[in-house]
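The values are calculated or read from the model by the stated rules, or taken from the named source; none is laboratory data. Given the structure is predicted, the values throughout are model-derived calculations rather than measurements. Ideal geometry is used to build each Cβ from the backbone, glycine not excepted, and the neighbour counts take in all protein chains shown. Note: accessible area is taken over every heavy atom of the protein model, side chains too, but ligands, DNA and RNA are not part of it. Shrake-Rupley method; radii C 1.70, N 1.55, O 1.52, S 1.80 Å.
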Amino acid sequence: ISVKSVTVEEFLAAPVGDAYYRLTGSVENIKSTLYGNFNIKDSTGSVYVYGLLTGWKGASKKFESLEIVEGNNITIIGMRAAYNDSPQVGSAFLVSKN
């Protein structure tokens with residue numbers, strides 16, 4: 001797949017659609033340890049991640065197996081999505097945990 005590395009600010013400015021973006025930042029405000037709903041933050045801002053797969057075409061509902069905790073620095077790939085006009089990362093999967 002074609003992937004563009006961006007900051008959170010650049011991600012938020014992108015249109016909702018099918019393009020994939022690579023984001024790197026710290027994990028904050030984990031809302032679901034089953035699905036992997038949390039915020040990813042870098043120096044330019046923060047965005048909500050709606051679910052995180054274990055890898056490309058990986059398993060869902062396995063967030064706990066990734067052993068990600070608040071404060072971890074991670075790299076993910078996902079699409080620019082929105083729910084009720086709130087921006088979020090959709091179809092996201094883990095690339096690495098730093």
**Prompt:** Can you tell me which residue in region 56-80 is farthest from Gly25 (Cα to Cα), limited to those that are touching a residue at least 40 places away in the same chain (Cβ under 8 Å) and crowded, with 18+ Cβ neighbours inside 10 Å?
**Reply:** Arg80
**Message:** I'd like the full set of residues that are in contact (Cβ under 8 Å) with a residue 60 or more places away in the chain and among the small types (Gly, Ala, Ser), limited to region 1-45.
**Reply:** Ala14, Gly17, Ala19
**Fill in**
Within region 1-23, restricting to residues that are more than 24 Å from Lys61 (Cβ to Cβ) and not hydrophobic (A, V, I, L, M, F, W, C), the one that is surrounded by the most Cβ atoms within 10 Å (Cβ to Cβ) is Thr7
**Message:** Among the numbered criteria (1) without any contact (Cβ under 8 Å) to a residue 12 or more places away in the chain; (2) acidic (Asp, Glu); (3) buried (at least 16 other Cβ atoms within 10 Å of the Cβ), which one does Asp85 miss?
**Reply:** (3)
**Complete:** Quick count over region 34-52, residues being open to solvent by 20 Å² or more (accessible area, probe 1.4 Å) and either hydrophobic (A, V, I, L, M, F, W, C) or not in a strand (DSSP E or B) (or both), is 4
